[in-house]
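Worksheet for the structure shown next.
The values are calculated or read from the model by the stated rules, or taken from the named source; none is laboratory data. A quick note: this is a predicted structure, and the numbers were derived from the prediction, not measured. Glycine also receives a Cβ, built like all others from the backbone with ideal geometry; neighbour counts cover every protein chain displayed. Protein only, heavy atoms only, side chains kept; ligands, DNA and RNA dropped before computing areas. Shrake-Rupley method; radii C 1.70, N 1.55, O 1.52, S 1.80 Å.
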Protein chains: 2
Amino acid sequence: MQTVKNVLFIMSDQLRWDYLSCYGHPVLQTPNIDRLAARGVRFDAAYVQSAVCVPSRMSYYTGRYVTSHGASWNYVPLSIVQQTFGDFMAAREREVALAGKTHVIPDYRGIERVGLDPATGQGAHFRRGGFVELDRYDGHAVPGPESGYADYLRANGYVGDDPWNQYVVGALDEAGNFASGWLLRNAHLPARVAKEHSETAYMTDCAINYIGEKGEQPWILHLSYIKPHWPMMAPDPYHALYRDADTGPIVGTAKPEHEPHPVLDAYRRAHEDCLSHSKEEVVRHVRPTYMGLVKELDDQIGRLMAELERMDRLKDTMIVFCSDHGDFLGDHGLGEKELFYEQAVRVPLIIYDPRAEADATRGTAEKRFVESIDVLPTMLDALGVPVPEHIIEGRALTPLLHGAAVDDWRDCVFSELDYSFRDARRLLGRSPDECHAWMVRTARWKYVHYKGLRPQLFDLQADPLELEDLGADARYEQVRAEMHARLADWQLNLKWRTGIDNASVERGTEGWKNIDMKIGVW
Amino acid sequence: MQTVKNVLFIMSDQLRWDYLSCYGHPVLQTPNIDRLAARGVRFDAAYVQSAVCVPSRMSYYTGRYVTSHGASWNYVPLSIVQQTFGDFMAAREREVALAGKTHVIPDYRGIERVGLDPATGQGAHFRRGGFVELDRYDGHAVPGPESGYADYLRANGYVGDDPWNQYVVGALDEAGNFASGWLLRNAHLPARVAKEHSETAYMTDCAINYIGEKGEQPWILHLSYIKPHWPMMAPDPYHALYRDADTGPIVGTAKPEHEPHPVLDAYRRAHEDCLSHSKEEVVRHVRPTYMGLVKELDDQIGRLMAELERMDRLKDTMIVFCSDHGDFLGDHGLGEKELFYEQAVRVPLIIYDPRAEADATRGTAEKRFVESIDVLPTMLDALGVPVPEHIIEGRALTPLLHGAAVDDWRDCVFSELDYSFRDARRLLGRSPDECHAWMVRTARWKYVHYKGLRPQLFDLQADPLELEDLGADARYEQVRAEMHARLADWQLNLKWRTGIDNASVERGTEGWKNIDMKIGVW
């Protein structure tokens, strides 16, 4: 099969699966992303390996579950032995360029232990998670030299030490005082940045420039937006577009007779984002801004797609559009993400494959379960790189994209959470080693195993909103046992022998590249 | 508590737990090892994490289960991110010296990937598994420059390109022709080396010299013998000491009505060592040599202990004596090791702690379950090094050595096997990813889960010889389910967040040494 020449791997941050019109949002119209879906396949059951930025992204970048790559939460480094998209392509002498966010936490201890300088060469490669950073901006803090965004802002008249905070996620309130977008109460105000200069526009510019400069040269680009993630502030006109719109139902906090799960309860009680989002007026104030940020994203995707068309790149470019996790937006009495409700772990995933083999599936919706670890092997496969089966735990989606027969596709998905860094842990009085949770979701059931605590169980057929937690209901003991067995099987099947590829194992004692031959056969 | 000044960590290779008189062998007398046991604690239920050299040793050296360190069989490298005894001590500016075998398979791909030279500096440190090699000799092949043994042999008159094979594991048969010790039929012949020059004597010399040179300086030494591992050839008089002795019963091949487990059956049919050891005449021919090699080892331990006494080092030296796994010696129709019968996974373990706190337990037998991953934290603890809980999966045996109350000790042990490199896999037509097996052993039951195949189950109370495999017996479904649940729990509790220590997790957002501060809090 022909390979694709270029890959454009677009990630949005905290974009909830159902906040796109192609996924059925009744109010928010996202025609540009919808058009991409019409050209490719829309995956309707795509799940992330963790509903937290770092672990989810590291699963996208390594093709491995969180237990396997170990970067379990936002402060945990990506070990230098974990190979990423950039590593696999570097071995083929191709670069994976980055415009935007990766949230790779550098493994400084590991880099130091092998005697490398994190500033240069291979040390910098590890620090960057294998990406070649055109412009890296993770958001949340003053951009460093790895981003040109602060200088760009200043050059466009946004003068200050920290123009992102001062202008892009900052506003002036009715009295003319500075109002930070970090505070939800300011979500209705327009950012002090023109939409042409927002992070979303800037990173789109960066991508368009890179693709244009490449001309007919092949390229691989990860365009990774930091929106619609909090801070909740959008530039004009996006701040106001949905101010009076219907912002939809708010999923409640379960039937009163249900004792909330201890971790759920602790999240609600310990975390500011949950406390804020438990109030309807906050949710009604925030959702219009979130919708505006998604609309802005869609407009920028439209601009990008138009440029790709103008440059005639749709003929040879695979485009992946995805998100690292969703956003509760007040559902279940929660803000942000982390826990395993559909709002957090289910994501939009659209893949456009330019090859003729994919013509049969264009514009279709794929209902089979896919996981974010499938994205990397899909891209590798499209680029003609053999997927290293002894390392990568995802499956290439190529047969699904090409309408090929597959008779052993997965019937469940997995996701994980490490809440040891969170105040919820302290409230529960648990040690850092006691805070691992795992989700298994089948077509009907969602089971969450919490180390040392009772599980959660939801019947998604009878209770699609996940309001009735059957985790302590004696009638469902058999279901829980079956779901737990799936979890155990999954864990026992993780890739453990990553130091030698399967072909070398097959060859037996011959041809070990990695063996000190002096040692010989036992 | 006072720390110990020195640690002497002695490992034998393939020494079966019941082939020492202190463990009850009726014929073979090992008074020197027995005396060590009389001074310390003899662990009567010590199990290795795999009954294969490399995975077992890497578990000893890292304090981690095989799934966690990933060096699953004898050809699989130890990843450079796995920290060993040598690493943990290097962080305290202390060296762990090596005399003998480690079987560390260098992670050349990993070393190359971080741009290091495996010949020098940190690259060599990784290649050596963190040990400072006084003299490394893994056996099995011509020693390289990391050992002085070949030159030593030549200097003592054993002239040749490969004096170990030519003299130490070589003999002359009755007709004066060369007879290799690799061939079991030559096991009765005396090696062409004087016992003073055998590997066992040579490495003991090496240890004595090192300890003597250190004088009152603190030291840590791993003395790691390559015997009584195959090749089965002993120097005079050890080759003949047990030639006419009672070499004990041979455990049979299960009751005829039991269909052997497919993997067991494949081992017996595919592997030369098993085919040979299935013949009683071979077993009767080999066991006297094995016993002779153990006797030789005991004599050398006696010489070493006498030197330690002479140097007054018993007052400040912790001594660990252990083995990497056992040897079937024909039991169960098997040779060598690998599978999960007691002959292979159970090992001798004796620990002498010089401190007064250990006086209460001297000469006692400890019946609680211990695992080989406990040895490293025990040594670290004795040396005053805090055990890194986020990495090490074993438990320091200090309370057991000191007779302290422990109310939550483990009630089962785990071991693993990767048989993907073995002909048994080919015979079974399985892929390299389908060859992982796990053992859980409680006081009563031994359960082995084979990926994709039926399990094994033995009732060790009713059937201590493990002749009756209940793995397919419908009456034991509940027992198997309970044992499988233990395995699942174990796997879910492996250490996964090794990139950040628990104290840093506790400190929360403050004090991250490993975080790129530019990224900041999300």
Hey, among the residues in the stretch A:448-458 that are without any contact (Cβ under 8 Å) to a residue 40 or more places away in the chain and more than 28 Å from B:ASP433 (Cα to Cα), which one's farthest from the other protein chains (Cβ to nearest Cβ)? A:PHE458
Would you say B:ARG109 is within 12 Å of chain A (Cβ to nearest Cβ), more than 18 Å from B:MET203 (Cβ to Cβ) and not in a loop (DSSP other than H, G, I, E, B)? yes
I'd like the full set of residues that are buried (at least 21 other Cβ atoms within 10 Å of the Cβ), in contact with a Leu (Cβ under 8 Å, 6 or more places away or on another chain) and not aromatic (Phe, Trp, Tyr), limited to the stretch B:276-294. B:HIS277, B:VAL283, B:VAL286, B:ARG287, B:PRO288, B:MET291, B:GLY292, B:VAL294
For the stretch B:137-160: of the residues being within 14 Å of chain A (Cβ to nearest Cβ) and of a type in the set (D, E, K, R), which is nearest to B:PRO190 (Cα to Cα)? B:ASP138
Subset of the stretch B:91-101 (residues that are within 10 Å of another protein chain (Cβ to nearest Cβ) and modelled with pLDDT of 95 or more): B:LYS101
Which one is nearest to the chain's Cα centre (by Cα), of the residues in the stretch A:459-497 that are of a type in the set (D, E, K, R) and more than 14 Å from every other protein chain (Cβ to nearest Cβ)? A:GLU466
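Let me confirm something: among B:ARG243, B:ARG185, which residue is assigned to a loop (DSSP other than H, G, I, E, B) and either open to solvent by 10 Å² or more (accessible area, probe 1.4 Å) or not acidic (Asp, Glu) (or both)?
It is B:ARG243.
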From A:GLY70, A:GLY63, grab the single residue that is over 29 Å from A:ILE208 (Cβ atoms), at pLDDT 95 or above, under 19 Å from the mean Cα position of the chain (by Cα) and of a type outside the set (Val, Ile, Thr). A:GLY70
Can you give me the number of residues within the stretch B:494-522 that are modelled with pLDDT of 95 or more and either among the small types (Gly, Ala, Ser) or open to solvent by 30 Å² or more (accessible area, probe 1.4 Å) (or both)? 1
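Please go through the stretch B:167-181 and give me each residue that is open to solvent by 60 Å² or more (accessible area, probe 1.4 Å) and either touching a residue at least 12 places away in the same chain (Cβ under 8 Å) or small (Gly, Ala, Ser) (or both), ordered by number.
Step one: filter the stretch B:167-181 for residues open to solvent by 60 Å² or more (accessible area, probe 1.4 Å), giving B:172, B:174-175, B:177-178.
Correct list: B:LEU172, B:ALA175, B:PHE178.
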Hey, A:GLU146 hits all of (1) surrounded by 20 or more Cβ atoms within 10 Å (Cβ to Cβ); (2) under 23 Å from A:VAL169 (Cα atoms); (3) in contact with a Phe, Trp or Tyr (Cβ under 8 Å, 6 or more places away or on another chain) but one; which does it fall short on? (1)
Of these, A:HIS332, A:HIS285, which one is within 30 Å of A:ALA443 (Cα to Cα) and in a helix (DSSP H, G or I)? A:HIS332
Is at least one residue of the stretch B:73-87 among the hydrophobic types (A, V, I, L, M, F, W, C) and away from chain A (no Cβ under 14 Å)? yes
Name the single residue that is surrounded by the most Cβ atoms within 10 Å (Cβ to Cβ) among those in the stretch B:448-493 being polar (S, T, N, Q) and farther than 24 Å from B:SER431 by Cα. B:ASN493
Considering every residue within the stretch B:194-205, establish whether at least one is assigned to a loop (DSSP other than H, G, I, E, B) and under 13 Å from B:TYR290 (Cα atoms). no
Within the stretch A:268-287, the count of residues that are more than 14 Å from A:ASP327 (Cβ to Cβ) and touching a Phe, Trp or Tyr at 6+ places or on another chain (Cβ under 8 Å) comes to 0
Take B:TYR341 and tell me if it is of a type in the set (Phe, Trp, Tyr), over 27 Å from B:LEU460 (Cα atoms) and in contact with a helix residue (DSSP H, G or I) (Cβ under 7 Å, 6 or more places away or on another chain). no
Residues of the stretch A:251-275 being hydrophobic (A, V, I, L, M, F, W, C) and open to solvent by 50 Å² or more (accessible area, probe 1.4 Å), in sequence order, are A:LEU275
Restricting the search to the stretch B:498-509, which residues are more than 7 Å from chain A (Cβ to nearest Cβ) and aliphatic (A, V, I, L, M)? B:ALA503
Inter-residue pairs, beta-carbon under 6 Å, first without any contact (Cβ under 8 Å) to a residue 40 or more places away in the chain and of a type in the set (S, T, N, Q) and in the stretch B:259-273, second open to solvent by 40 Å² or more (accessible area, probe 1.4 Å) and in a helix (DSSP H, G or I), 6+ apart: none
Checked against (1) charged (D, E, K, R); (2) surrounded by fewer than 21 Cβ atoms within 10 Å (Cβ to Cβ); (3) assigned to a strand (DSSP E or B), A:ASP151 satisfies every condition except (3)
Just to verify a result, which residue in the stretch B:115-136, among those that are more than 10 Å from every other protein chain (Cβ to nearest Cβ) and in a loop (DSSP other than H, G, I, E, B), is surrounded by the most Cβ atoms within 10 Å (Cβ to Cβ)? B:GLY129
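Condition check ((1) among the acidic types (Asp, Glu); (2) more than 23 Å from the chain's Cα centre (by Cα)) across all residues:
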residue: B:VAL370; (1), (2): no, no
residue: B:LEU380; (1), (2): no, no
residue: B:CYS412; (1), (2): no, no
residue: B:SER420; (1), (2): no, no
residue: B:ARG426; (1), (2): no, yes
residue: B:ASP433; (1), (2): yes, yes
